[in-house]
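A short reminder: the numbers here are calculations on the coordinates, not readings from a lab. The model shown is predicted, which means the values in this text are computed figures rather than measured ones. For neighbour counting, all protein chains shown are included, and Cβ atoms are generated from backbone atoms with ideal geometry for every residue, glycine included.
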Amino acid sequence: MSEPGSELPEFPTLARDPEALQRQLLLFTNDITEIYKRERSRAEELEAALSELKTAYLETIRSLAFVVEAKDAYTGQHLERCRVYGMALMQALGIADDHPDAEYGFLLHDAGKVGIPERILSKPGPLTAAEWRVMRTHPLIGYQMVSGIPFLKGAAEIVRYHHEMFDGSGYPEGLRAEEIPLPARVFSIVDAFDAMTTDRPYRAALPLSYAAEEIDRMGGTQFDPDVAKVFAPLCERLVPITTPA
Ligand SMILES: [Fe+2]
């Protein structure tokens, strides 16, 4: 009668030879380390390619937005500040990763103005009721321009709803509260903040503390009160980011 275990195939005999087992384990470890290094380098390459692609997207969108609004010297910096403030507020709310294309929407919000006649856009005096009706079509024109582009689906929502107000008094659809997509509620706050804190032809920039109070005060009417509360403490940290030296 054979010894117990002697009929086992070759591989399990390693279990009885600690040195052979150690050599085999070393080979496995080396193989796994090699595979891990290769995969990691591939992941890094993919990450770099993705980052380059993202930069290319952003630059393309920025160019498009600037071309649309090139007439207004103020607008270029306004768009960039809205993007920076908007993304900071999205981060503070913890929703930036859920809306990766929001920054494109912040840049493109007024792209639809390309379809508004120059005589209305640049009219020195107040607009008539009929002219306002035309002006108020720009969010939908912008939406039609960008909503067919797959990577701008989320951005298109911001373009469409950037003039809606929390209490339902905005346009084009008079949406209220949570009916308005959250990134569009974020945008209306940073847009108003930038308008208040920069010089305009008819008045100097308002103090930051005043702008922050105003936004908080308009929480529940023009703005989402919860988003406005998160924005107020960010204000002083945000302004130096894009203010030219
Ligand atoms: Fe607009």
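For this structure, a couple of remarks:
- Most mobile of A43, A102, A212 in a GNM of the chain (Cα contacts under 10 Å): A43
- Among L238, L140, G168 - extreme Cα towards positive end, dipole of the range 73-241, charges at beta-carbon: L140
- Placing +1 on each Lys and Arg Cβ and -1 on each Asp and Glu Cβ, with no other charges, gives the chain a dipole about its Cα centre of roughly 1240 debye.
- Average Cα contact separation per residue, the range 84-156, under 8 Å, 6 or more apart, as relative contact order %: 38
- Charge dipole (Cα centre; +1 on Lys/Arg Cβ, -1 on Asp/Glu Cβ; no other charges) of the range 28-111 amounts to roughly 160 debye.
- Sorted ascending by nearby beta carbons within 10 Å, beginning with the fewest, K123, K113, K37 become K37, K123, K113.
- Dividing the summed -39500 (n - 2.57) terms of all DSSP H runs of n ≥ 4 by the residue count of the chain sets its mean residue ellipticity at 222 nm at -19500 deg cm²/dmol.
- Between the helical axis of 73-93 and the longest alpha-carbon principal axis of the chain there is an angle of about 50 degrees.
- Set of lysines with alpha-carbon distance to K229 below 30 Å, sequence-local pairs under 8 removed: K153
- Angle of helix 208-217 to the longest C-alpha principal axis of the chain, folded into 0 to 90 degrees and rounded to 10: 90°.
- Residues whose amide H comes within less than 5 Å of that of F223, counting only those at least five positions distant or on another chain, are F166 (H built at 1.01 Å from N in the peptide plane).
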